[in-house]
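A short worksheet on the structure shown next.
The values are calculated or read from the model by the stated rules, or taken from the named source; none is laboratory data. Computed from a prediction, not measured in an experiment: that's the story for all the values here. Cβ: placed from backbone, ideal geometry, glycine included. Neighbour counts: every protein chain shown.
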Amino acid sequence: MKERVKRLLQIEDDLQDDLIGEILHIVKSHLLTLMEKESLPKKYEYIVVEIAVRRFNRLGSEGMKQDNVEGHSITFYDLDKDFDPYLTVIEKEIPQQENTKAGGVVWF
C-alpha cells in the first residue's frame with residue numbers, strides 16, 4: 001500500500017517512507033476496529049490508501065477546518081469523518097450479531 005500512496009502523491013524518494021508507513025498503520029488499525037476484523041481483506045485496501053493520501057496532504061493543518069489565501073479556499077474533512085464516505089461498505093463487513101433472544105419458559 002505504501003507504494004500506491006507514494007505514486008498518488010508523486011513521491012519518488014524514500015524520505016517520507018516512515019511517515020507514510022505510520023499513517024497507513026493508523027488508518028488500517030482504525031478501519032479494522034470499525035469492521036471488527038483481525039485482518040484487512042485485500043479488496044478494502046483502497047479505503048486505507050485513499051484516507052492515507054488525504055491525511056498526508058493534511059499534515060500541518062490538523063485541527064484546521066478551512067483555509068483561505070488570496071481567493072484560494074480549502075475545506076478539510078474532520079478527521080473523525082474520514083471514513084464516512086465508506087460507511088456503507090464498512091457496515092457490510094461488520095459481523096452480524098446472532099439473535100440471542102431465546103423463546104421458552106424458565107421454571108424455578
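Looking across the stretch 31-46 at every residue that is within 10 Å of the chain's Cα centre (by Cα) and among the hydrophobic types (A, V, I, L, M, F, W, C), the one that is farthest from residue 86 (Cα to Cα) is identified as 32.
How many residues are loosely packed, with under 14 Cβ neighbours inside 10 Å and assigned to a helix (DSSP H, G or I) when one looks only at the stretch 43-59? Steps first, answer last, please.
Filtering the stretch 43-59 down to residues loosely packed, with under 14 Cβ neighbours inside 10 Å leaves 43, 46, 57, 59.
Subsequent filtering for residues that are assigned to a helix (DSSP H, G or I) retains 43, 46, 57.
Summing the residues that are loosely packed, with under 14 Cβ neighbours inside 10 Å and assigned to a helix (DSSP H, G or I) in the stretch 43-59 gives 3.
Within the stretch 62-108, the residues that satisfy the criterion of being under 26 Å from residue 7 (Cβ atoms), at pLDDT below 75 and within 18 Å of the chain's Cα centre (by Cα) are 62, 76, 77, 79. In the stretch 21-42, the qualifying residues are those that are without any contact (Cβ under 8 Å) to a residue 24 or more places away in the chain and not in a helix (DSSP H, G or I), and the one that is surrounded by the fewest Cβ atoms within 10 Å (Cβ to Cβ) is 38. Which one of these is hydrophobic (A, V, I, L, M, F, W, C) and more than 22 Å from residue 94 (Cβ to Cβ): 34, 15, 40? The match here is 15.
Every residue in the stretch 27-58 that is hydrophobic (A, V, I, L, M, F, W, C) and out of contact with any helix residue (DSSP H, G or I) (no Cβ under 8 Å at 6 or more places or on another chain), please.
32
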